[in-house]
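Values in this text are rule-based calculations from the coordinates and carry no lab data. From a predicted model like this one, the values you see are computed outputs, not experimental measurements. Here Cβ is always computed from backbone atoms with ideal geometry, including for glycine, and neighbour counts include all displayed protein chains.
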Amino acid sequence: MILNKETIKNKLKTKLIGKDFHLFDSVTSTFDASDTLPVSNGTVVCAKEQTCGRGRLGRDWVSQIGGIYFSLILSPQKYAENLQIYTAICAIAVQRAISEYVPCFIKWPNDIVSQNGKKLCGILTKSKFCEGKTPYINVGIGINANNSVSSSALPYASSVKECANREIDENALLCDVLFEIEKCIEFGDAKKITDEFSKVCITVGRMVKILSPDGESIRGKCISIDADGSAIIEKDDKSLMKVNSGEVSVRGIYGEDYV
Ligand code: BTN
C-alpha cells in the first residue's frame with residue numbers, strides 16, 4: 001500500500017515524532033525538502049520517490065516508488081553530548097520494525113541487512129548547528145520496502161517485499177519505525193542502546209576490512225561497539241583500535257576476499 005498522509009496520521013501511535021508530518025510525491029532529496037520547511041523537534045519529511053537521493057560516502061541512494069524515504073528532525077535534550085547515538089537508535093528502531101516481516105540485522109555502522117546480508121535500509125545523519133539555536137540533527141532513512149531493487153545494478157541490496165515474499169504495508173512499517181524510535185529515545189539509556197545494537201549487529205565477531213577515504217585499509221576483527229557508536233577492532237597484531245563510523249566503508253560480511 002502506497003504512502004498516504006491520512007492513513008499515517010490515523011495509524012501513528014507516537015506522542016511527538018511524526019506529528020508534524022510532510023509527505024511529497026517526489027523530491028530531489030528529503031534533505032533538500034526539509035531545508036525549505038519550518039521544522040522542529042520530531043518533524044518528519046517523507047517522499048514517495050527521490051530523484052537525487054543521497055547515501056553515505058558521497059554515493060547516490062536509488063529511491064524509486066515503493067520505498068520509504070524520510071528525514072527525521074531531532075533537536076535532542078537527551079544525549080546532547082553524544083548525538084551519534086541517535087543514528088544507533090534509528091538503526092535499532094528500523095531493525096525492530098522490519099523484524100516483524102523478515103529476520104534482519106544491523107551492519108555497522110548503520111545499515112539494516114537481511115539474513116543473507118543484503119541491504120534493506122540505509123541511514124545518513126547530518127548535524128545542523130545554527131548560531132544561537134539549539135543544534136539539531138537530520139536523520140535520513142531510506143527503506144527498501146516494496147520498491148524493486150535490481151540485482152544487477154545493486155547486487156548487495158534487496159527489499160523487505162522480496163525477502164518476505166509479499167507486499168508490505170508501507171504506512172504501517174513507517175509508523176512502526178517512528179514509534180520504535182520514540183520508545184527507544186524515551187526508555188533507552190546509553191548502555192541499553194549499545195547492548196541491543198551489539199546484539200543485533202552482524203559485524204561484531206567478524207573479520208572486517210575498514211577502508212578510509214584516503215585509501216588506507218585496516219584489517220581486523222570487530223570485537224564490540226562502543227557507547228559512542230564506534231567499532232572496536234582487534235588488529236592482526238592484537239592491538240585494539242577504535243573506528244568512528246563517519247568516513248569508512250566496511251567489507252567482510254559478504255565473504256569477499258578482503259585480504
Ligand atoms: C546509505 O548510504 O546507506 C545511507 C542512505 C540514506 C538514504 C536516505 S533516504 C532519505 C534521506 N534522503 C536522502 O537523500 N538520503 C537519505
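A few comments on the model shown:
- Placing unit charges on each Cβ (+1 for Lys and Arg, -1 for Asp and Glu) gives the chain a dipole about its Cα centre, and among LEU211, VAL45, ILE17 the Cα reaching farthest toward its positive end belongs to ILE17.
- Helices in the chain, meaning DSSP H runs of at least 4 residues, each add -39500 (n - 2.57). Divided by all residues, the mean residue ellipticity at 222 nm is -7000 deg cm²/dmol.
- The chain, dipole about Cα centre (Lys/Arg Cβ +1, Asp/Glu Cβ -1), debye to the nearest 20: 300
- Pairs of lysine residues in segment 69-181 that meet both criteria, 8 or more places apart or on different chains and Cα atoms under 30 Å apart, total 15.
- About the centre of its Cα atoms, segment 158-199 shows a dipole size close to 200 debye [charges on the beta carbon of Lys, Arg (+1) and Asp, Glu (-1) only; nearest 20 debye].
- Rounded Å value of the spacing that divides the Cα centres of segment 88-122 and segment 182-247: 15
- Ellipsoid semi-axes in whole angstrom, largest first, where each is sqrt(5λ) of the Cα gyration tensor of the chain: 28, 22, 17
- Kirkwood Rh in Å, taken over segment 148-213 so that all alpha-carbon pairs contribute: 15.3
- Sorted by Cβ neighbour density within 10 Å, fewest at the top, the residues ARG219, ARG96: ARG219, ARG96
- Highest average first, the peptides 83-92, 21-30 ordered by how many other beta carbon atoms sit within 10 Å of their residues are 83-92, 21-30.
- 13 Å beta-carbon shell around ASP236, net charge (K/R +1, D/E -1): +3
- 0 to 90° range, to nearest 10: angle between helix 85-99 axis and the chain longest Cα axis: 80
- For the chain, the longest principal axis of the alpha carbon atoms and the long axis of helix 190-199 meet at an angle near 70°.
- Shape call, segment 18-115: gyration tensor on alpha carbons, a/c limit 1.5: oblate
- Axis of helix 170-187 versus longest Cα principal axis of the chain: the two differ by about 70°, to the nearest ten degrees.
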